[in-house]
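Nothing in this text is a laboratory measurement; each read-out follows from the coordinates by a stated rule. The structure displayed is predicted, hence computed values, not measured ones. FYI the Cβ positions are ideal-geometry reconstructions off the backbone, even for glycines, and counts take in every protein chain you see.
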Ligand SMILES: [Zn+2]
Ligand SMILES: [Zn+2]
């Protein structure tokens, strides 16, 4: 069985339909302002922020920290995993 991760918060699901049906507490528009969104990359042992290169061994810890090179401005958003 495959695992599917939300690219905003790193929550793991075993189906895309259940992932995209749930509100995301780290949605970029605000907590629970939108649904989880599928991370389309492969499952990895280490995730890298596509904006700044910060590495983390879990997507949930990567996406929990503000990004100093976020496109909306320094620390205006969270790290986002590269595919
Ligand atoms: Zn989410
Ligand atoms: Zn970053």
Rounded to the nearest Å, the spacing of the alpha-carbon centers of segment 14-36 and segment 46-61 is 19 Å
Note on segment 1-40: alpha-carbon gyration tensor, axes a ≥ b ≥ c; rule is a/c under 1.5 for rounded, else prolate if a/b larger than b/c, else oblate; result prolate
Scoring the chain by relative contact order with C-alpha pairs under 8 Å, at least six apart, yields a percentage of 25 percent
CD proxy, 222 nm, the chain: helix-only mean residue ellipticity via -39,500 (n - 2.57) per DSSP H run with n ≥ 4, per residue, nearest 500, stands at -1500 deg cm²/dmol
Note: probe point = Cα of residue 72 + 7 Å toward Cβ; backbone nitrogen < 12 Å; residues of segment 29-44 passing the test are 29-34
With the chain reduced to its Cα atoms and the Debye formula applied, log10 I(q)/I(0) at q = 0.15, 0.22 1/Å amounts to -0.48, -1.00
